[in-house]
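Have a look at the structure below, then the notes.
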C-alpha cells in the first residue's frame, strides 16, 4: 500500500474527529442528545481506518501491529458504546478516557519501536501518546462534573484523538520500510 493512501485515511479521520470535537464544544445541547451514537460511529470509523491501514500496509509499515491493536480495541469500544447507549451516557467520561488511554499507550509503545528502526520524528508520537494517556486518566478523576462538562470533555478528547491521527498522517512516510 502506498503511504499516500495511509496519509489520506489518517488525515480524513483526524479531521472528522477534530470537527466532531468542535461540534461538541460549540453545541453542548446538540452534542448531549446525540453523543453516544455519534461517539460510537466516530470510534468505529477510527478503528476501521487503523485495521485497513494494517491490512493494506503491514508489510511496509514499521510497527504495523500496533495499528491493528488500536483498531481492534477501538471497534470493541465502539460496539459497547453503540449497543449500550443509556449506560454510555452515564459513563461517558470513563469510556472516552479508556479510548484515549488505549490509543495513547498504543502510540507510546509504537513510538519506541519507530525509534529502534531509526525513524526520525518518533518523539512526536511519544509526546502524543503520553498526552493522550494523561488526558485519559484525567477524565477518570472527576466524572460527575455536569452535563456541559461531559460534552466539553468529549469535544477536547475528540480533538486530541484527531490531532493524533493527523500526526500519523504527517509522519506516515517515515513509517514505511524502504
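The values are calculated or read from the model by the stated rules, or taken from the named source; none is laboratory data. A quick note: this is a predicted structure, and the numbers were derived from the prediction, not measured. Because the Cβ atoms are built from the backbone with ideal geometry, glycine has one as well, and the counts that use them run over all protein chains shown.
The residues in the stretch 52-79 that are at pLDDT 85 or above, under 17 Å from residue 5 (Cβ atoms) and surrounded by fewer than 18 Cβ atoms within 10 Å (Cβ to Cβ) can be counted, and the count is 3. Restricting 34, 4 to those that are over 20 Å from residue 125 (Cα atoms), out of contact with any strand residue (DSSP E or B) (no Cβ under 6 Å at 6 or more places or on another chain), at pLDDT below 85 and part of a helix (DSSP H, G or I) reduces the list to 34.
Among all positions in the stretch 85-93, there is no residue which is surrounded by 21 or more Cβ atoms within 10 Å (Cβ to Cβ), in contact with a strand residue (DSSP E or B) (Cβ under 9 Å, 6 or more places away or on another chain) and in a helix (DSSP H, G or I). Within the span defined as the stretch 125-137, one or more residues are modelled with pLDDT under 85 and touching a helix residue (DSSP H, G or I) at 6+ places or on another chain (Cβ under 6 Å). Scan the stretch 94-121 for residues that are surrounded by fewer than 22 Cβ atoms within 10 Å (Cβ to Cβ) and either over 17 Å from the mean Cα position of the chain (by Cα) or modelled with pLDDT under 80 (or both) and the total you get is 10.
Screening residue 41 with (1) free of Cβ contacts under 8 Å to residues at least 40 places away in the same chain; (2) closer than 19 Å to residue 155 by Cβ; (3) under 14 Å from the mean Cα position of the chain (by Cα); (4) surrounded by fewer than 19 Cβ atoms within 10 Å (Cβ to Cβ) gives one miss only, at (1).
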